[in-house]
Structure formats: C-alpha cells, structure tokens
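Undergrad: Have a look at this one.
Derivation of every value follows stated rules applied to the coordinates shown; laboratory data play no part. Being a predicted model, the structure only gives us computed values, none of them experimental.
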Amino acid sequence: MITLFSYHLTFVEVAIVLSVALFIGMAKTGVHGTGILAVPMLATVFGGQKSSGILLPILILGDIMGVLYYHRHASWHHLKLLFPWAAAGIILGTIVGNFINDQVFKLIMGIIIVISVAIMIWLEQSGRQDKIPTNIIFAHATGVVGGFSSMVGNLAGSVMGIYLLSTRLPKNAYIGTAAWFFMVVNWFKIPFHVFVWHTITWNTVWFGLTTLPVILLGAFLGVVIIKKISEKNYRWFIIGMTVVAAVGMML
C-alpha cells in the first residue's frame, strides 16, 4: 500500500494511475483514443465522479504540452463556434452530475463513445462530410455535447473527433484545434469541480503533479507516433482508436 497526498493505493492502482498519465500525454499530442481509455481506467480506482476531479489536473498538464507543440496549427474559426456552447454544456453537466451515481456515469460514458464511433464511421462512408461542418446547428450541438461529456466524464474527445473529422482539417490542424479546445474547456471546469462538486482539492492538484514525468513521456511518444502516420491514415487511426476505447468501456 502506498500513500500519496491522502490517497491510499495498492501497487496495482499506482500502475493504473501511471498508465493513465502516459495515455493522457499521448492523447494530448495526437493519439486521442488513448485518452478515452484513461477515463474508465481511473474510474476503477477512484469511482466515477471523484475520478473526474482527480483526472482534471492530469489533463490540464497534458493540455499545456499539446498546446505548446501544436498551438500554431489551430483553426480559430471552428473554436469560436464551439467555445460558448461548450460553456453551456459544462454548466448543464455540472447540474446533471449531482444526480447520477457511478453506474449511470459509466453507462453515459459508454453510450457517448459508441454513438460517437458510429457517427464517425458514417461520416467517412457517406458523402456528407463537406456539408455538415457548414451547419451552424451542428457546431453548436457539438459544443454543448462536448462540454457536457467533458464535465460529466472527461469524454469530449470522441465528440470532438466527430466534429473535427467532419471539417476535413489536416492532421496537425486537427490536433492543434483539439489541444486549444480542451485546454480552455478544462480550465473553465475548475471552479465547478472546486466549489460545486468539491472533487478538486490541493491534494488532488499535488497528486496530479506527481505524474508529470510520465505525462511528458507520453507526450513525447505521441509526437513520435503521429509523425509516422500519413494524413489519410490518421483519420482512420482516430476512428480505430475510438473503437478500441469503446470496446474496452463496454466490457
């Protein structure tokens, strides 16, 4: 048993936490499916809502690395469409999160991922990719669902994957836009975790900081992996990683 800032963990649980940090680092530099895998893994250690607060500082550290590396590639046109509605989704998620237990929380996460995978595959197979991003309602709905899923379960990655794949952004622009979106959204979530859900404390922050070396390693691995993937294959790589995460969630 290991004690870190009031958290009592077995060696297996420590290994899970470090794996989560590695996956988050990789996700923030382009290997987005690994971030979805990290969410249920941490929930097995701390439970649903509590784990979302513990994960947030880890996510923010990863966000900083992603933005530092890809900040020049972001599409601010798309971000401006998403941010106000994502804020509304976060507020909605804060309210709803007070009325759901861990089982419902996990069910919501699984449903979000499965639906996201189905829509992403449909977008790739249909001929509608060029039409959907121009629909302002689609952008606003993505913002709301992205903010909600981010607040309830840190699962906006799959939702954003749908929107960003539909925009046909180049690989680096996809990663840079996602990096900025998640950094802004995750910082916006902090007051709600601190003052409403009470899931973030100084112990949570310090606990997250202890994982920084592993997050850095994950970020480095993510950059290396993404450089080896072509623009065309990256789209199917994102879909494939999300499918793997969905299967892992539903088992």
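Undergrad: If you line up the long axis of helix 212-227 against the longest principal axis of the chain, both from Cα atoms, how many degrees apart are they, to the nearest 10?
TA: Helix 212-227 and the main axis of the chain meet at about 20 degrees.
Undergrad: Given a 10 angstrom Cα cut-off, can you work out which residue in SER166, SER19, SER230 is the most mobile in a GNM of the chain?
TA: SER230
Undergrad: Distance cut-off 30 Å, Cα to Cα: go down the list LYS50/LYS171; LYS28/LYS232; LYS28/LYS80; LYS50/LYS227; LYS80/LYS227 and report the pairs above it.
TA: Values: LYS50/LYS171 34 Å; LYS28/LYS232 20 Å; LYS28/LYS80 20 Å; LYS50/LYS227 35 Å; LYS80/LYS227 28 Å.
Too far apart for the 30 Å limit: LYS50/LYS171; LYS50/LYS227.
Undergrad: Let me see the P(r) profile for the chain: every Cα-Cα distance counted, bins of 5 Å, each bin given as a percent of all pairs.
TA: 1, 7, 15, 20, 21, 18, 11, 5, 2, 1, 0
Undergrad: How much length, in nm to one decimal, is gained on full extension between PHE195 and ILE2, taken as 0.36 nm per residue of separation minus their Cα-Cα distance?
TA: Details: separation 193, 0.36 × 193 = 69.48 nm, distance 2.85 nm.
Extending this stretch completely gives an extra 66.6 nm.
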